[in-house]
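Any read-out appearing in this document is the output of simple, stated calculations on the displayed coordinates, not a laboratory observation. Owing to the predicted nature of the structure, the values given are computational and were not obtained by experimental measurement. Cβ: placed from backbone, ideal geometry, glycine included. Neighbour counts: every protein chain shown.
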Amino acid sequence: MNPQIPIYLDYAATTPVDERVLAVMQAYWNDAFGNPSSIHQNGQRAEAALDQSRRDIAACLHALPEEVIFTSGGTESDNLALRGTAFARRAATGADTLVISPVEHPAVSQTARQLAGHFGFRLVILPVDSCGLVNPQDVARVVDEKTALVSIIYANNEIGSINPIREIGAICRERGIPFHSDAVQAAAHLPLDFSNDLVDLLSLGAHKFYGPKGVGALLARTGTPLWNMQTGGGQEAGRRAGTENIPYITGMASALKIVCNEGPQRGQQLTALRDHLIAGVLNSIPCSRLTGHPSARLPNHASFALQGVNGNVLLMALDQHGFACSSGSACKVGSPRPSEVLLALGLEPEWALGSLRVTLGKNTTRQEIDLFLGVLPDLVARIRAMGA
Ligand SMILES: *Cc1c(COP(=O)(O)O)cnc(C)c1O
């Protein structure tokens, strides 16, 4: 077997923690382990680390430190944004309509569905084009004074497409409607600018950019209506109760600083590798196509639909050959159902069931991609021949 194997090509699912991040986290387990709310010096050291992390994250994203709310991850950030703003807006103005796209992460779409199904909100789901992009004019068409919140994913986890966030934000801002964007994938690769993106609420999760799992942040612009959804102590200026996880928070700040510094160069390298991979797949596999936008997509993200291939069977075969890839959505082994995101693009089920997502990391090499391209066409041909 090749010494490079196994090869991990699933960085959109999660990333390993950067060694430099681990080193920063180390001090906060049992040395400066205090509770940031405590008066004594040990607590104050923890509070200093918390404040510094908040400032570092704000600086990377061009936000104000007081706009950063630490959470337990991307999912909680999305939940807090949707629930917190939906309830606060309805209480203040009577607005009761949530506007989302059909290509949201489940942390947004399932939250919106529950708010609509059990809490009396109305849900409007916008159309997307065949690349999975929202047209800002469609947002302008559906929003009105009853709109409590618009939530549109920044860059999609399944298909990599990057939405026109600033244009959508401009439409919401003009009408005074809070605008949330799930930037959990975007933060790993795109230069986010909270002061200019016209987003009021922005979700992040550290483990998608070489930080630890179980920590994230919601950026909430000052003045955005937001009820706290977790009640208790006064942490995070009363917006998210619970003793702060200082090791993870310092880890997240450290990881984001590294992305800030190294992201642009990583992006260039990744884009070249990604395009080599995309061309390699499309040229070597008949009846294959790229899903998502060809250029307005994350630099590390390649996703495909392969006609007449069971995606789960392909993933298992790839795994046996040492390649860790994904279908892009959390579909269950055994009862394959096409992903809602791919169906929203207009793909027929026969194509959508054959989805393959290959996402690259900062240390992925051209040699690894070439090894992958050397194996994939034969596996696909064999699975097609089996009729699986
Ligand atoms: C991973 C992911 C989430 C969930 O984040 P967790 O930190 O794993 O809870 C939300 N949205 C998108 C787009 C993601 O990729």
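By how many nm would the segment from ARG337 to ALA23 grow when fully extended, if each residue of separation counts as 0.36 nm and the alpha-carbon distance is taken off?
Working: separation 314, 0.36 × 314 = 113.04 nm, distance 4.22 nm.
Length difference between fully extended and current span is 108.8 nm.
Going by Cα centres, the stretch 12-72 and the stretch 256-274 are how many Å apart?
23
Provide the percentage of antiparallel DSSP beta bridges, counting only those with both residues in the chain; round to the nearest 5.
Values: 20 of 36 bridges.
Antiparallel bridges make up about 55 percent of those DSSP assigns within the chain.
Which of these, ILE125, ILE159, ILE39, has the largest mean-square fluctuation under a Gaussian network model of the chain (Cα springs below 10 Å)?
Looking only at ILE125, ILE159, ILE39, the biggest GNM fluctuation is shown by ILE39.
For an R0 of 35 angstrom, estimate the FRET efficiency from the Cβ-Cβ distance between PHE33 and GLU262 and round to the nearest 0.05.
Working: r = 30 Å, r/R0 = 0.85.
Here the calculated transfer efficiency is 0.70.
Under Stokes-Einstein, with the Kirkwood radius over Cα pairs standing in for Rh, what whole-number D in µm²/s applies to the stretch 35-90 at 10 °C and 1.306 mPa s?
Diffusion coefficient, whole number: 122 µm²/s.
Could you compute Rg(Cα) / (2.2 N^0.38 Å) for the stretch 72-163, with N its residue count?
Normalised Cα radius of gyration, the stretch 72-163: 1.05.
Spin-label point model (7 Å from Cα, Cβ direction): what's the GLN320 to ALA237 distance in nm?
5.6
Under 15 Å from the 7 Å Cα→Cβ point of ALA92, by amide nitrogen: which residues of the stretch 178-218?
Counting backbone N atoms under 15 Å from the label point, the list is 178-180, 200-201.
What ranking do 259-272, 175-188 get when scored by the average of other Cβ atoms within 10 Å per residue, highest first? Can you show the working numbers first?
Details: 259-272: 16.1, 175-188: 25.7.
Ranked by mean Cβ neighbours within 10 Å, highest first: 175-188, 259-272.
Give, in whole angstrom and from largest to smallest, the semi-axes √(5λ) of the equivalent ellipsoid of the stretch 297-374, with λ running over the eigenvalues of the Cα gyration tensor. Working shown, then result.
Numbers: eigenvalues 100, 45, 21 Å².
They are 22, 15, 10 Å, listed largest first.
To the nearest Å, what is the center-to-center distance of the stretch 206-223 and the stretch 348-388, using C-alpha atoms only?
31
Around LEU226, under 14 Å between beta carbons, what's the net of Lys plus Arg minus Asp minus Glu among the other residues? Provide the component values of the computation, followed by the final result.
Details: positive: ARG83, ARG89, ARG90, ARG221, ARG239, ARG240; negative: GLU66, GLU67, GLU76, ASP78, ASP200, GLU236.
So the surrounding residues net to 0.
Starting from the eigenvalues of the Cα gyration tensor, five times each then square-rooted, give me the equivalent ellipsoid semi-axes of the chain, largest first, whole Å.
Numbers: eigenvalues 250, 149, 58 Å².
Computed over the chain, the values are 35, 27, 17 Å.
For the stretch 168-286, treating each Cα as an identical point scatterer without solvent, what Debye log10 I(q)/I(0) comes out at q = 0.12, 0.13, 0.16 1/Å?
These q points yield log10 I(q)/I(0) values of -0.59, -0.68, -0.91.
Taking Rh as the Kirkwood radius, which is the inverse of the mean 1/r over Cα pairs, what is the Rg/Rh value for the stretch 1-156?
Details: Rg = 20.7 Å, Rh = 19.1 Å.
Rg/Rh for the stretch 1-156 comes to 1.08.
Rounded to the nearest 500 deg cm²/dmol, what is the calculated helix-only ellipticity per residue at 222 nm for the chain, with -39500 (n - 2.57) per DSSP H run of length n ≥ 4? Walk me through the intermediate numbers first.
Working: 12 runs with 162 residues, N = 388.
The helix-only estimate for the chain comes to -13500 deg cm²/dmol at 222 nm.
For a test of understanding, tell me how many lysine pairs in the chain have Cα atoms under 28 Å apart, given they are 8 or more places apart or on different chains.
Details: LYS208/LYS257; LYS208/LYS332; LYS208/LYS362; LYS213/LYS257; LYS213/LYS332; LYS213/LYS362; LYS257/LYS362.
Final tally of qualifying lysine pairs is 7.
Please give the length that would be gained between HIS276 and ILE5 if that part of the chain were fully extended, namely 0.36 nm times their separation in residues minus their C-alpha to C-alpha distance (nm, one decimal).
The HIS276-ILE5 span can extend by a further 95.6 nm.
Using square roots of five times the C-alpha gyration tensor eigenvalues, list the equivalent-ellipsoid semi-axes of the stretch 62-109 in whole Å, biggest first.
Details: eigenvalues 80, 58, 19 Å².
With the √(5λ) rule applied to the stretch 62-109, the semi-axes are 20, 17, 10 Å.
Could you compute Rg(Cα) / (2.2 N^0.38 Å) for the stretch 1-76, with N its residue count? Intermediate results must be reported in sequence, preceding the final value.
Working: Rg = 17.1 Å, N = 76, 2.2 N^0.38 = 11.4 Å.
Taking the Cα Rg and dividing by 2.2 N^0.38 Å, one obtains 1.50.
Near ALA302, within a Cβ-to-Cβ distance under 11 Å, what is the net charge of the other residues, with Lys and Arg +1 and Asp and Glu -1?
Numbers: positive: ARG274, ARG297, ARG357; negative: ASP275.
Residues near ALA302 contribute +2 overall.
On a full-extension model of 0.36 nm per residue, what is the gain between GLU145 and ARG173, subtracting their alpha-carbon distance, rounded to one decimal in nm?
Numbers: separation 28, 0.36 × 28 = 10.08 nm, distance 1.26 nm.
In short, 8.8 nm is gained.
What distance in nm separates the simple spin-label points at ARG55 and ARG122, each placed 7 Å from Cα in the Cβ direction?
So the label points at ARG55 and ARG122 sit 4.7 nm apart.
Report the far tail of the P(r) of the stretch 230-388, meaning the percent of Cα-Cα pairs longer than 24 Å.
Values: 5760 of 12561 pairs.
I get 46 percent for the Cα pairs in the stretch 230-388 exceeding 24 Å.
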